[in-house]
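> For reference, the structure I am asking about is given below.
The values are calculated or read from the model by the stated rules, or taken from the named source; none is laboratory data. Nothing here was measured: the structure is a model prediction, and the numbers come from that model. Please note: Cβ atoms are built from the backbone with ideal geometry, for glycine as well, and neighbour counts cover all protein chains shown. The area values use the complete protein model at the heavy-atom level, side chains included, leaving out ligands, DNA and RNA. Shrake-Rupley method; radii C 1.70, N 1.55, O 1.52, S 1.80 Å.
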Amino acid sequence: MLIAAEPLAKVKAARSAARDWRLGRLDHRFDMAMPDRPARPDCPELLPPNRMPKRGKGGSERGRTALIHALAHIEFAAIDLAFDAVGRFGGQFPRGFTDDWMRVGADEAMHFALLDRRLKQLGSHYGAMPAHDGLWDAAAATAHDPLARLAVVPMVLEARGLDVTPATIERFAGVGDTATTRILTRILNDEIRHVRAGTIWFESACERHGFVPETMWQDLVATYFRGVLKPPFNDSARDSAGLTRGYYAPIAVS
Ligand SMILES: [Fe+2]
Ligand SMILES: [Fe+2]
């Protein structure tokens, strides 16, 4: 599915790969070369973050639609991230790793499909606006090291989603948009599971190598994550994902 460009083709490929794996139709074999960059559709136009049009903080319907579009784009990129982890690192872990990331990939495809359907209900669609080019950077930077990938993608980026999603849910709830509120609540619950999978596999790999997980994570984040970790943190969601304050509190900026 990394070579599927069109959104619907990618969603279908993601779901069928996850289903085939679940049904035992795929071998636990990882000798396929992974593409450096996954295929992308012609639209949306991808812009560097500093050239993205301002979405504005206002409560306009247009602003909210742009926000849903941005979230759909993140989910679209997350499909590729999940299957890239399977193809690139699956062979270095027990089968359960592939079980988890196949399921994550299927979840991301579902999240994208739900948001894209919502955009259509609002008279828009995925691709109608420009999107952020840069979501693959974290994948490219960590393509050689499964510990670095787990440290940055699920345990920093997806964990960030846990921090910001409750406020986004509030924003849509505040204008009575229950359809979007419901979708985002489902995404938040699924993402706790994704962060948990990341943390569990990170800790098991650390244990195998005799590393202390928290300090190893802090080193990897300092090396491979270009942003900073800042509050507010959703401590309770992070905690239920196993990502305790012992990981992030020591390196968070206030
Ligand atoms: Fe997601
Ligand atoms: Fe996710």
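> How much of the accessible area of the range 171-216, probe 1.4 Å, is carbon plus sulfur, in whole percent? Don't skip to the answer; put the middle values down first.
On the way: 1330 of 2280 Å².
Solvent-exposed carbon and sulfur of the range 171-216 make up 58 percent of the total.
> Let me ask you something else. Given a 1.4 Å probe and heavy atoms of the protein chains only, how would you sort VAL195, VAL164, largest accessible area at the top? Could you put the intermediate results ahead of the total?
Values: VAL195 0, VAL164 65 Å².
Output order, biggest surface exposure first: VAL164, VAL195.
> On the protein heavy atoms, probe 1.4 angstrom, tell me the percent of accessible surface of the range 1-80 carried by carbon and sulfur.
Values: 2690 of 5010 Å².
C and S fraction of accessible area: 54 percent.
> Simple spin-label model, 7 Å along Cα-to-Cβ: PHE30 to SER204 in nm?
Distance between the two pseudo-spin positions: 1.2 nm.
> Another question, if that's okay. Relative contact order, percent, of the chain when contacts are C-alpha pairs under 8 Å separated by at least 6 residues?
Working: 298 pairs, mean separation 48.6, N = 254.
The value is 19 percent.
> Just to confirm the filter: which trypsin sites (Lys or Arg not before Pro) across the range 9-67 are DSSP coil and have at most 15 other Cβ within 10 angstrom of their Cβ? Could the numbers behind the result be given before it?
Values: sites: LYS10, LYS12, ARG15, ARG19, ARG22, ARG25, ARG29, ARG51, LYS54, ARG55, LYS57, ARG62, ARG64; in loops: ARG25, ARG29, LYS54, ARG55, LYS57.
Passing both the DSSP loop test and the Cβ count: ARG25, ARG29, LYS54, LYS57.
> Hey, another quick one. Straight-line reach from LYS54: which lysines have Cα under 29 Å away, leaving out those fewer than 8 places along the same chain?
LYS10, LYS120, LYS230
> Once the convex hull of the C-alpha atoms of the chain is built, how many Å³ does it hold per residue, rounded to a whole number?
Considering the Cα atoms of the chain, their hull volume per residue is 126 Å³.
> Could you tell me which of GLY87, HIS125, LEU8 has its Cα farthest along the dipole of the range 1-144 towards the positive end, charges placed at Cβ (Lys, Arg +1; Asp, Glu -1), taken about the Cα centre?
Result: HIS125, furthest along the dipole toward the positive end.
> A follow-up question, please. For ARG193 and ARG51, what does the FRET efficiency come to when R0 = 25 Å and r is the distance between their Cβ atoms, rounded to the nearest 0.05? Show your work: numbers first, answer last.
On the way: r = 34 Å, r/R0 = 1.36.
Efficiency at R0 = 25 Å is approximately 0.15.
> Roughly how many Å² is the accessible area per residue of the chain, as a whole number, for a 1.4 Å probe? The partial results should precede the final answer.
Values: 12530 Å² over 254 residues.
Accessible surface, normalised per residue, equals 49 Å².
> In deg cm²/dmol, rounded to 500, what helix-only [θ] at 222 nm does the chain give when every DSSP H run of at least 4 residues adds -39500 (n - 2.57) and the total is split over its residues?
Details: 10 runs with 154 residues, N = 254.
Here the helix-only value at 222 nm equals -20000 deg cm²/dmol.
> Mind putting a number on the dipole of the range 85-183 about its Cα centre? Charges go on the C-beta only, +1 for Lys and Arg and -1 for Asp and Glu, and I need it in Debye to the nearest 20. Write out the running numbers ahead of the final one.
On the way: 10 positive and 12 negative charges, 49 e Å.
Dipole magnitude for the range 85-183 comes out near 240 debye.
> Taking the convex hull of the alpha carbon atoms in the range 1-115, what volume per residue do you get, in Å³?
Details: hull volume 13.6 nm³, N = 115.
In the range 1-115, the Cα hull volume divided by residue count equals 118 Å³.
> Still on this structure, please answer the following. Would you work out which of PHE202, ILE192, VAL253 lies farthest towards the positive end of the dipole of the range 178-254? Charges go on Cβ: Lys and Arg +1, Asp and Glu -1.
The residue sitting farthest along the positive end of the dipole is ILE192.
> If you don't mind, another one. When the Cα atoms of the range 121-254 are enclosed in a convex hull and the volume is divided per residue, what value in Å³ results?
Working: hull volume 16.5 nm³, N = 134.
Dividing the Cα hull volume of the range 121-254 by its residue count gives 123 Å³.
> Can you tell me the dipole magnitude for the range 20-91 around its Cα centre, using point charges on the Cβ only (Lys, Arg +1; Asp, Glu -1), in Debye to the nearest 20? Intermediate values should be presented prior to the final figure.
On the way: 12 positive and 10 negative charges, 95 e Å.
Roughly 460 debye for the range 20-91.
> Okay, moving on. Given contacts defined as C-alpha pairs under 8 Å and at least six residues apart, what's the relative contact order of the range 152-254, whole-number percent?
Once divided by the residue count of the range 152-254, the mean separation gives 34 percent.
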